[in-house]
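Asks: Take this structure first; my questions come after.
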Ligand code: NDP
Ligand code: ZN
């Protein structure tokens, strides 16, 4: 990759790390929140991803930024100014409408997924893969989740990713493996 691409990615990681600040993931060891968006981007760049070996930098940037508008003080205008229209549009496509109830947001993700751009579908797939990987292990998942709640998350996640999987068969295969075995450490 050329030097300006690497520079853009590092600038994006720095921006997202500052934005997420002291936020933590919900698992017992409470890792820094930025761990998750970086994992999502790394899943899209990895050899198993169908974007390999030339993942578009805007998709990786959107992956790194995918939870900023939803979960931090960062606004659409901030993103547009710093990262431009393409990255901003992908991040917004991946952001829930916080005016909706949690239940309505879950349904909206299912209903809107088929209509998203291919770029946003890549990010959605890797986002779900990252969260499912966390949920599969007792150290990765939020403490106190019942087996029923984990299973419901798997079922919902599959409903979202079914309409996106065609854009990235490499990530799709990893999701299928998780959905097929359907087992997790308790
Ligand atoms: P979610 O079920 O949406 O929580 C999962 C989300 O938390 C993930 O999508 C992820 O989102 C984020 N997250 C943070 N840390 C982790 C981690 N370690 N592992 C996995 N995901 C992580 O929770 P809500 O609190 O929003 O709950 C709302 C919904 O949960 C309700 O609408 C209901 O459907 C369901 N529910 C079910 C219960 C049950 O017992 N069956 C009980 C309570 C709620 P991101 O990528 O954005 O960080
Ligand atoms: Zn996420």
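Asks: Any residue that is touching a strand residue (DSSP E or B) at 6+ places or on another chain (Cβ under 7 Å) and either farther than 24 Å from residue 140 by Cβ or crowded, with 16+ Cβ neighbours inside 10 Å (or both) - is there at least one of those in segment 32-43?
Replies: Checking segment 32-43: at least one residue is touching a strand residue (DSSP E or B) at 6+ places or on another chain (Cβ under 7 Å) and either farther than 24 Å from residue 140 by Cβ or crowded, with 16+ Cβ neighbours inside 10 Å (or both).
Asks: Right, next: Anything in segment 170-186 that is part of a helix (DSSP H, G or I) and surrounded by fewer than 12 Cβ atoms within 10 Å (Cβ to Cβ)? List them, or say none.
Replies: 177, 180, 181
Asks: Kindly establish whether residue 130 is closer than 26 Å to residue 7 by Cα, within 16 Å of ligand 2 (Cβ to nearest atom) and without any contact (Cβ under 8 Å) to a residue 60 or more places away in the chain.
Replies: No, not satisfied.
Asks: Which of (1) under 19 Å from residue 176 (Cα atoms); (2) away from ligand 2 (no atom under 14 Å from the Cβ); (3) in a helix (DSSP H, G or I) does residue 163 not meet, given it meets every other one?
Replies: With (1) under 19 Å from residue 176 (Cα atoms); (2) away from ligand 2 (no atom under 14 Å from the Cβ); (3) in a helix (DSSP H, G or I) applied to residue 163, the lone miss is (3).
Asks: Taking only segment 25-52 into account, find how many residues are free of Cβ contacts under 8 Å to residues at least 60 places away in the same chain, out of contact with any helix residue (DSSP H, G or I) (no Cβ under 9 Å at 6 or more places or on another chain) and not in a helix (DSSP H, G or I).
Replies: Number of matching residues: 2.
Asks: Residue 120 fails exactly one of the following numbered conditions: (1) crowded, with 17+ Cβ neighbours inside 10 Å; (2) more than 15 Å from the chain's Cα centre (by Cα). What is the number of that condition?
Replies: The failed condition is (2).
Asks: It is to be established whether one or more residues within segment 72-85 are under 20 Å from residue 118 (Cα atoms) and within 11 Å of ligand 2 (Cβ to nearest atom).
Replies: no
Asks: Please enumerate the residues belonging to segment 140-160 that are in contact (Cβ under 8 Å) with a residue 40 or more places away in the chain, surrounded by 13 or more Cβ atoms within 10 Å (Cβ to Cβ) and away from ligand 2 (no atom under 16 Å from the Cβ).
Replies: 159
Throughout, read-outs are computed from the coordinates displayed, never taken from laboratory work. Computed from a predicted model, the values in this text were never measured in an experiment. Ideal geometry is used to build each Cβ from the backbone, glycine not excepted, and the neighbour counts take in all protein chains shown.
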